[in-house]
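A.B. asks: For reference, the structure I am asking about is given below.
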Amino acid sequence: MFDWLVWLVSWALILGGCLFIVAGGIGLVRMPDLFTRLHAASVTDTGGAIVLSLGLIVQAVFVFGSAMAAVKVLLILFFTLFTAPTASHALAKTALLSGQVPVGADGRPVLDSPETAARLARSRPDEDAR
Amino acid sequence: MSQLVGLYNYWVVIVLMMAGLYILIARYNLVKKMIGLGVFQTSIFYLYITMGKVDGGTAPILLEDAPDTVYSNPLPHVLILTAIVVGVATTAVALALTVRIHEAFGTIEEDEIKAIEAAEPEA
Amino acid sequence: MFAVATIALLVTMVLTLARALAGPTLFDRLLAVNSFGTKTVLLIAVYGFMTGRPDFLDIALVYALINFVGTVAVLKFFELDDLGSGVYQEDDY
Amino acid sequence: MIEHLVIGALLTFLVVIAIGIIVLRDLLAAVVLLGLYSLVAAGAFIVMDAVDVAFTEAAVGAGISTILFLGALSFTSHEQKPRGNDSIVAAVFVVITGALLIYGTLDMPHYGSAASPAQTHPELAVRFIERSAGEVGPPNLVTSVLGSYRGYDTLGETVVVFAAGIAVLSLLGLRRRGSPGNLPPEAPGSAPGLTPVPAPHDPAAETSGAIDPATGPRRYARQRHRVLQVVTKLIVPFVLLFALYVQFHGDYGPGGGFQAGVIFASAFILHGLIFGLQRTRQVMPPSVVRMLMAGGVLIYGGTGAVTMLLGGNLLDYDVLAHDPLHGQHWGLFAIELGVGVTVTGVMISLFYAFASRRSDDREPARDADGSTPTGATTGAGGTPRAGDASTPGA
């Protein structure tokens, strides 16, 4: 009974993680511009990583019986959750600062000029409206 | 088919090696040459590691309770481990030389450097 | 189960690699490379479990770290064309 | 089966990336792809059981070497100039050489073959695997071969790394002026001379979006990357801790001095990238880094000298304790420490050398007499600056 439950949970988590990961990969190829691709990459880097790692932790604890492995997977998850979004953030900010303008669904830029993009990137969060 | 599976690694090593060699010969930019050298270098690492792998083997870190385990050959790993660190150190020296060349000649394109040297024959 | 995850990761790596090569801007490449790194981390973790020796997860940790350092370095370089000056220096620090 | 699939896929990625590197004209993109290439190669090393190598390749190839290339690129242009003619000759030559080499592989033992000469030589792999636990001790065979069986070789490699560090320092110049040891502690917030932007901080101008043509992109760069700063502050201690773990756990798992040294240096490099070289120099003064470079080699060589004084051969650790296995343990500990210290020192000093060279020109020099700098700023075109910074301490 218990084995069966562990099997089910870890399968579900790992498959779910795979789903996130592949979806992110497809998005990375198909999205129209850098900023939408960032969304797609985040699906893999955080969503996929969290779910897949949870599946691995279940496996590590109940199948391999190795608490050390579980702790290491947790550490990897912790690390990834810090670095991946930070890197995405820095990437988006630098792209805006260098004048990359986001493109809307109709294929036209949503900001009027690279200068606007740069200004947006340099404003504080509470001044975004300007 | 067994040739393909058994020798695929070597063939990839050779393709990578040749890619690095091509960059070294056909590109004049010194930094690009260093990148080609990096590609070449990593392909050599790959060759050694390929030769150390044993089918059904595991990483050469002894397991306590499994006396019959097959381990891959640790010797290539040792050679390559040190080679990687030495490789990056020598790459750094080459890049430093590139920087000095740029300071002396104002360019890192090999043919332009040669042209400048030809224009000023005295050392 | 781990085989399925491995294959899913490899497929995604192909897609990511396509983006890294296609560009078009440097940021796209950098995004793809960074994302590829995360996938490599996951692949190593999954592979460790698949081969039954999950004690090599340390390496995945290094990947996560180095990936971050590399991305930050390229971004900083792109912004400033330089590695040494205090670009990210906080003025009111 | 799945193993072969993973290997095959990763190898194919490598080939595709290599072709991308050939084709791309933008050097910055090529450097980014080279980092990716190392990352993929390291993944393949893991599948081929070379965990220690993968560890090193990941840390060195994707991290340090990318940063060194960026350091070199910051002096030069980002584009290689187009060339056409020689490519065909080169391509023909390369294809012929490759074809000959592939013909040569047809007689090679197949991948994974346990009967290949490399696997069956009685004094090499067989001996290491069967007898190392009794002769040297550590479960990680790579560590025992590296440190004990091939101790001379590793000593040589360490010295090569040290020599390369010295070579880069002598090429790019030891930086004496502005050494933080001579500086009064700076008041927080003042940071005089740290940035090339002459205007004082002005929040209104900062958010107004006005691009000052005089300062250009440098003005952008003064933006608050606060997220990066906070995350870096959080991460750096963990990285240092992890490096220590890799250093001292290397006997039992993947890791050792080389890897730990690179990871330790990465922490400082990350700090330097985010907070600026000046601040990192206060944390880790260049004089200390130079001492580390030499100190590691000294520890390694000193261990050899001690074994000789105790009546053994050079680097024969058996004599270090009453029990040979304990002696080996002490010896390995000492030389791994030496390797780690040297690699840390060299990697940090490489970063300093490449990152500080351009900043040198812009920063006001802090000579003892407080005089202003003589070095002129260089234009983006990179005019030759023969010798002005090569002898800074003279």
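No value in this document is a laboratory result; all are computed from the given coordinates. Since the model is a prediction, treat every value here as computed from it, not as a measurement. Cβ: placed from backbone, ideal geometry, glycine included. Neighbour counts: every protein chain shown.
A.B. asks: Ranking request for peptides A:79-88, B:72-81: highest mean number of other beta-carbon atoms within 10 Å first, then the rest in descending order.
C.D. replies: Highest mean packing first, the order is B:72-81, A:79-88.
A.B. asks: Collect residues whose amide H, placed 1.01 Å from N in the peptide plane, falls under 5 Å from the amide H of residue B:58; neighbours closer than 5 in sequence don't count.
C.D. replies: B:70, B:71, B:72
A.B. asks: Run the quick spin-label model on residue D:226 and residue D:23: label points 7 Å from Cα toward the beta carbon, then report their separation in nm to one decimal.
C.D. replies: For the pair residue D:226/residue D:23, the computed spacing is 4.3 nm.
A.B. asks: For region D:41-50, in order, what is each residue's ³J(HN,Hα) by Karplus, 6.51 cos²θ - 1.76 cosθ + 1.60 with θ = phi - 60°, in whole Hz (x at glycine and Pro)?
C.D. replies: Those phi angles translate into 4, 5, x, 5, 4, 5, 5, 8, 6, 8 Hz.
A.B. asks: To the nearest Å, what is the center-to-center distance of region A:1-49 and region D:1-71, using C-alpha atoms only?
C.D. replies: One Cα centre to the other: 24 Å.
A.B. asks: Using θ = phi - 60° and the Karplus form 6.51 cos²θ - 1.76 cosθ + 1.60, what ³J(HN,Hα) does each residue of region D:249-258 get, whole Hz, x for Gly and Pro?
C.D. replies: These are the phi-based 3J(HN,Hα) values: 9, x, 6, 10, x, x, x, x, x, 4 Hz.
A.B. asks: In Å and on Cα atoms, what radius of gyration and Dmax does region D:1-80 show?
C.D. replies: Cα only, region D:1-80: 14.0, 48 Å (Rg, Dmax).
A.B. asks: On to the next question. Using the Karplus curve 6.51 cos²θ - 1.76 cosθ + 1.60 with θ = phi - 60°, work out ³J(HN,Hα) for each residue of region D:147-158 in order, rounded to whole Hz, and write x for Gly and Pro.
C.D. replies: After applying 6.51 cos²θ - 1.76 cosθ + 1.60, I find x, 10, 5, 10, x, 4, 4, 5, 4, x, 4, 4 Hz.
A.B. asks: Determine the alpha carbon to alpha carbon distance for each of B:114/D:81; B:32/C:76; A:93/C:39; A:72/C:76; B:32/D:233 and list only those over 25 Å. Don't skip to the answer; put the middle values down first.
C.D. replies: On the way: B:114/D:81 15 Å; B:32/C:76 21 Å; A:93/C:39 23 Å; A:72/C:76 30 Å; B:32/D:233 35 Å.
Beyond 25 Å: A:72/C:76; B:32/D:233.
A.B. asks: Taking beta carbons within 10 Å but only from partner chains, what does the mean come to for residues D:339-348? Present the calculation step by step, with values, prior to reporting the outcome.
C.D. replies: Details: counts 2, 0, 0, 1, 3, 0, 0, 4, 4, 0.
For peptide D:339-348, the averaged partner shielding equals 1.
A.B. asks: Right, next: From the alpha carbon gyration tensor of region D:278-321, can you work out the equivalent ellipsoid semi-axes (sqrt of 5 times each eigenvalue) and give them in Å, largest to smallest?
C.D. replies: 34, 8, 6
A.B. asks: Okay, next question. Go ahead and set up a Gaussian network model of chain A, Cα springs under 10 Å, then flag whichever of A:108, A:30, A:119 fluctuates most.
C.D. replies: Residue with maximal mean-square fluctuation among A:108, A:30, A:119: A:108.
A.B. asks: Which of B:103, B:112, B:64 moves the most in a Gaussian network model of chain B with Cα springs under 10 Å?
C.D. replies: B:64
A.B. asks: Work out the FRET efficiency for residue D:113 and residue D:252 from their Cβ-Cβ distance, taking R0 = 30 Å, and round it to the nearest 0.05.
C.D. replies: Values: r = 30 Å, r/R0 = 0.98.
The value I calculate is 0.55.
A.B. asks: What does the structure give for D:98-109 when I average, per residue, the other chain Cβ atoms found within 10 Å of the residue Cβ? Let's see the in-between values first.
C.D. replies: On the way: counts 8, 2, 1, 7, 7, 0, 2, 9, 3, 1, 6, 4.
Averaged over the peptide's residues, the number is 4.
A.B. asks: Hey, how many Å between the Cα centroid of region D:134-166 and the Cα centroid of region D:277-338?
C.D. replies: Using only Cα atoms, the two centres lie 11 Å from each other.
A.B. asks: Given the options A:5, A:18, A:100, identify the residue whose Cα lies farthest towards the positive end of the charge dipole of region A:2-127 (+1 on Cβ of Lys, Arg; -1 on Cβ of Asp, Glu).
C.D. replies: Going by the Cα projections, it comes out as A:100.
A.B. asks: Further question on the same structure: What three numbers, in Å, describe the spread of the alpha carbons of region A:2-127 along their principal axes, ordered from the longest?
C.D. replies: 59, 28, 22
A.B. asks: Skipping prolines and chain starts, which residues have an amide H placed within reach, meaning under 5 Å, of the one on residue B:108, given they are 5 or more residues away or on another chain?
C.D. replies: So residue B:108 has HN proximity to no qualifying residue.
A.B. asks: Per 5 Å bin, what percent of the C-alpha pairs of region C:2-80 does each bin hold, from zero upward?
C.D. replies: 3, 16, 21, 21, 18, 11, 7, 3, 1, 0
A.B. asks: Compute the helix-to-body angle for B:74-105: its Cα long axis versus the longest principal axis of chain B, expressed 0 to 90° and rounded to tens.
C.D. replies: The angle comes out at about 10 degrees.
A.B. asks: Per residue of B:63-70, count partner chain C-beta atoms within 10 Å of its C-beta, then hand back the mean as an integer.
C.D. replies: 1
A.B. asks: So what's the projected area for chain B, the Cα convex hull averaged over all directions, in nm²?
C.D. replies: Numbers: hull surface 42.1 nm².
Hull-based average projected area comes out at 10.5 nm².
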